Amino acid sequence: MNRRTHIAALIAVSATLFGLTSPAAAETREINFGFISTESSNNLKAAWQPLIDDLQKATGLKVNTFFAPDYAGVIEAMRFNKIQLAWMGNKSAMEAVDRAGGEVFARVVNVDGTQGYWSLMIVHKDSPLKTLDDVIRNRQNLSLGFGDVNSTSGSLVPGYYAFGAHKVDPARDFKRSVRSNHETNILAVAGKQVDVATVASDGVERMKIKMPEKAAELREVWRSPLIASDPLVWRKDLDEATKKRLREFFQTYGRDAREKANLAKLTLSGFVASDNLQLLPIRQLELARERGKVEADAALGAEDKARKLKDIDTRLAELAKAK
């Protein structure tokens, strides 16, 4: 071995020892799996652990779990390669794709075989509020449990379809507005700690399994258009061999009775292939919401407003072509 080869070998060994090699440069033996905080980490871990155990056995990978107190924590963890795989919502997946090196490769299938869910607005069953119009009309006297800023069904979708359509700012126009995960908002409504909350329909379905007595205290007053089911995201630079193992596992999981039972705890029946195109409707919603804010900004000069609106319309047109 000549001197140059010897130095190169030492650098390669050192890089491997200190974790400096990229996932594509060496065989992956261990991955970190991140989970958005739709409910408490203890509940999420208990529900997902049987699947994770099977994932380790099937792929030969050591799989560590990562739970953060908010959605941004999982996005940032992927950005800095602290996690290589994640279960996310569509909004958080969009952020991961745009600024954290993420890529959608699969999506969940619900226990009934559908591939979508809804944003719900819920109240206590004894509440006098019956409709979205009731909520909007009485908002100055109501407390609102709103979702994480990166939650699709807790924040983005109701922010556009329910509040934006009525020119209501959920952060300012209610008597009190607090941001929490789906589980916390559901329990807050059931316990009459908030008057109304935005949550995911699958979060309510999970509550029916975990705490049916709490779910029985809820009543729905608004439901959004259908949202594409939650995506699974990996880092784009994960090596191809590992991607193949992960893809094969998720797309074939749920075929026998034991696996079906594991998935039922998650209110799922399996997973199907997907890609970043799944996020197009979310991108359109984000731009539409941004457009509404620009149009309503009285402090913005006419020239600046026209320029910003033109830029947004151009991006919307590009997204329409990508479908």
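Among S143, S201, a tally of other beta-carbon atoms within 10 Å of each Cβ gives an order, fewest to most, of S143, S201.
Going by neighbour counts of Cβ atoms within 10 Å, the residues T152, T131, T198 line up, fewest first, as T131, T198, T152. When the pairs K57/K244; K91/K125; K125/K208; K45/K91; K45/K208 are compared against a 24 Å limit on Cα-Cα distance, K91/K125 fall above it. For the stretch 281-322, what does the alpha-carbon gyration tensor say about shape, rounded, prolate or oblate, given a ≥ b ≥ c as the root eigenvalues, a/c under 1.5 as rounded, and a/b over b/c as prolate? The shape class here is oblate.
Every pair of different Cα atoms in the stretch 126-258 enters the Kirkwood calculation, which places the hydrodynamic radius at 16.8 Å. At full extension, E295 and D54 could sit 81.7 nm farther apart than now, given 0.36 nm per residue minus the alpha carbon distance. Axis of helix 41-59 versus longest Cα principal axis of the chain: the two differ by about 30°, to the nearest ten degrees.
For the peptides 118-130, 254-266, the ranking by mean Cβ contacts within 10 Å, running from highest to lowest, is 118-130, 254-266. Which ordering of R283, R176, R79, R137 is given by a fewest-first count of other beta-carbon atoms within 10 Å? By the 10 Å Cβ count, ascending: R176, R137, R79, R283. Using a simple spin-label model with pseudo-atoms 7 Å out from Cα toward Cβ, H166 and D239 lie 5.5 nm apart. Length gained on full extension, A264 to A306, computed as 0.36 nm times the residue gap minus the Cα-Cα distance: 10.1 nm.
Once backbone amide H atoms are built at 1.01 Å from N, T65 has F33 as its partners under 5 Å, excluding neighbours fewer than 5 places away on the same chain.
No lab work stands behind these numbers, since they all come straight from the coordinates. For clarity, every value in this text was computed on a predicted model and none was experimentally measured. Please note: Cβ atoms are built from the backbone with ideal geometry, for glycine as well, and neighbour counts cover all protein chains shown.
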